[in-house]
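The values are calculated or read from the model by the stated rules, or taken from the named source; none is laboratory data. None of the values given here were measured: they were computed from a predicted structure. Every residue, glycine among them, receives a Cβ derived from its backbone with ideal geometry; neighbour counts consider all protein chains shown. Accessible surface areas use protein heavy atoms only, side chains included; no ligands, DNA or RNA. Shrake-Rupley method; radii C 1.70, N 1.55, O 1.52, S 1.80 Å.
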Amino acid sequence: MIPEDVITEIKRRADIGEVIGRHVKLKRVGRNLVGLCPFHTEKSPSFNVRPDDGFFYCFGCKATGDVVEFLVRTTGRGFLDIITELAGQTGVEIPKGQVDPEEEARQKEKKRLLRALELAQVFFKTRLSSEAGQGARAYLADVRKIDDDTIDRFGIGWGGAADDGLVTFLKEQGIPVDDGVAAGVLGRSERGPYDFFRHRVTVPIRGTRGEIVSFQGRIFGERATDAQGKKRPKYVNGPQTGVYDKSGVLFGLFEAQPALKQGKPAVLGEGPLDAIAVHRAGLPSSVAPCGTGLTMRHVEELRRRTERVVVCMDADAAGKDAAARAILMMLSAGLDVGLAALPDKDPDAMVAAGRADELRGILLGAPAAL
Ligand code: ZN
């Protein structure tokens, strides 16, 4: 980026009459230069250049602009190209390092991580629809009762059956292993890199512009226990990375934005799959923190988009604690807070049991939390 005052100085010093005179035959008339317009066909000159004011104007076709615009339009070259050339001709120095090199490096790094995440999503989606993805599809349809429309809307995928399927895929796409690790989709052990979300159903976590910043993985089926019969963790969450700040990102907020704009209350759930369940129950304004407790930054993200939040946590002790904490935080931020009392374990269980309408009624009718 060239600073605006440098651009102004370049334009001021460039002799517009002389520059345009190289392209158009001009004749001096008083303070103006006049010639045949290069932008339309004419026999008598209506093209005026006003060196004192630094612009050109055609009385015939109304074309107007400054010296840079003239060159862009007549040569088809880019703005930056032309300004750099004029800087050389006018002896104006374009300051180097106007872009903070650290900031530039950060932006480049972010771009690389987002690219790795985007490609990981391509991999997870293709795994889910592959023949090997049959088990994952059956789990989503039969156990979670998640329909294809929801799978598409949230971009749900599957990590695949291999330990290094994504490692290989990213390599094929020219993505260095380091980028995959930095993006949180690959892990690294003494035996080498491995797929962080292998064997798991994957749910993308998006930033507010819809870009994928991380994933959550849910284990299912026989993989839920390891070879020694020990239970594997149900959920794994992508780590904190250069593009994923857990304390600032709420799962579902991107997807919830249209409904929030329509004035629907936000529904705060415990995790992504609960938020998706609420979404399926007809409240597409459900969100959840992911791999972390609710923070004031999360609350602020909500407060900027809605006035009312209904808290909908699991009916167990941990859920009640989380709900009490969330309620206090949101009340302190001036939000109108409702508390939904679930008759069942969690929203996901209710939707899976075919009680979506009942869940929606409870959420919409939730009494004030205080
Ligand atoms: Zn003209």
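Taking all Cα pairs closer than 8 Å and separated by 6 or more residues, the relative contact order of the chain comes to 9 percent. The fraction of accessible area contributed by carbon and sulfur in segment 232-285 is 55 percent, rounded to a whole number (1.4 Å probe; ligands and nucleic acids excluded). Of the solvent-accessible surface of segment 298-346, computed with a 1.4 Å probe and all protein chains present, 52% belongs to carbon and sulfur. Per residue, segment 84-188 exposes an accessible area of 55 Å² to a 1.4 Å probe, with every protein chain left in place.
By accessible area of protein heavy atoms, probe 1.4 Å, what ranking do MET329, MET350, MET1, MET296 get, highest first? The partial results should precede the final answer.
Values: MET329 30, MET350 0, MET1 190, MET296 95 Å².
These residues rank, largest area first, as MET1, MET296, MET329, MET350.
Mind giving me the FRET efficiency for LYS108 and MET296? R0 is 22 Å, r the Cβ-Cβ distance, nearest 0.05 is fine. Step by step, r from the Cβ atoms, then E = 0.10. Computed on protein heavy atoms with a 1.4 Å probe, the accessible areas place HIS298, HIS40 in the order HIS40, HIS298, largest first.
Once you divide the Cα radius of gyration of the chain by 2.2 N^0.38 Å, the number left is 1.42.
For segment 1-117, give the percent of accessible area contributed by carbon and sulfur heavy atoms, probe 1.4 Å, rounded to a whole number. Please report the intermediate quantities before stating the final value.
Values: 3920 of 7560 Å².
Answer for segment 1-117 is 52 percent, counting heavy atoms of protein chains only.
Assigning unit charges at the beta carbon (Lys, Arg +1; Asp, Glu -1) and nothing else, what dipole magnitude in debye, to the nearest 20, does segment 1-134 show about its Cα centre?
Details: 22 positive and 20 negative charges, 112 e Å.
For segment 1-134, the charge dipole is close to 540 debye.
The residues of segment 214-264 have, on average, 53 Å² of accessible surface per residue, using a 1.4 Å probe with all protein chains present. Label sites at ASP100 and LYS234, each approximated as a point 7 angstrom past Cα along Cα to Cβ, lie 4.2 nm apart.
The label-point distance for GLU190 and THR74, in a model that sets each label 7 Å from Cα toward Cβ, rounds to 7.3 nm.
Within 10 Å of each candidate Cβ there may be at most 10 other Cβ atoms; applying that plus a DSSP loop requirement, which trypsin sites (Lys or Arg not before Pro) in segment 93-184 survive? Could the numbers behind the result be given before it?
Working: sites: LYS96, ARG106, LYS108, LYS110, LYS111, ARG112, ARG115, LYS125, ARG127, ARG137, ARG144, LYS145, ARG153, LYS171; in loops: LYS96, ARG144, LYS145.
Sites meeting the loop and neighbour criteria: LYS96.
Name the shape class, rounded, prolate or oblate, that the alpha-carbon gyration tensor gives for segment 98-211, where a ≥ b ≥ c are the square roots of its eigenvalues, rounded holds for a/c under 1.5, and otherwise prolate holds if a/b is larger than b/c and oblate otherwise. It is oblate, given that a/c is not under 1.5 and a/b is not larger than b/c.
Gain in length, ALA317 to ARG50, computed as 0.36 nm per residue apart minus the alpha-carbon separation, to one decimal in nm?
On the way: separation 267, 0.36 × 267 = 96.12 nm, distance 7.83 nm.
This chain segment gains 88.3 nm when fully extended.
Count neighbours as other Cβ atoms within 10 Å of each site's Cβ, and list the trypsin sites (Lys or Arg not before Pro) in segment 187-250 that are DSSP loop with at most 14 such neighbours.
When the trypsin sites (Lys or Arg not before Pro) of segment 187-250 are filtered for loop state and at most 14 Cβ neighbours within 10 Å, ARG191, ARG209, LYS230, LYS234 remain.
Accessible surface calculations at 1.4 Å, restricted to protein heavy atoms, place segment 278-370 at 44 Å² per residue. Under 18 Å from the 7 Å Cα→Cβ point of ASP66, by amide nitrogen: which residues of segment 1-42? The answer is 1-21.
Once fully extended, how much extra length lies between GLU42 and GLU222, figured as 0.36 nm per residue of separation less the alpha-carbon to alpha-carbon distance?
On the way: separation 180, 0.36 × 180 = 64.80 nm, distance 8.08 nm.
Answer, rounded to one decimal: 56.7 nm.
Using only the Cα atoms of segment 240-370, build the gyration tensor, take square roots of its eigenvalues as a ≥ b ≥ c, and label the shape rounded, prolate or oblate: rounded if a/c is under 1.5, else prolate if a/b is larger than b/c, else oblate. Because its axes are fairly even, with a/c under 1.5, segment 240-370 counts as rounded.
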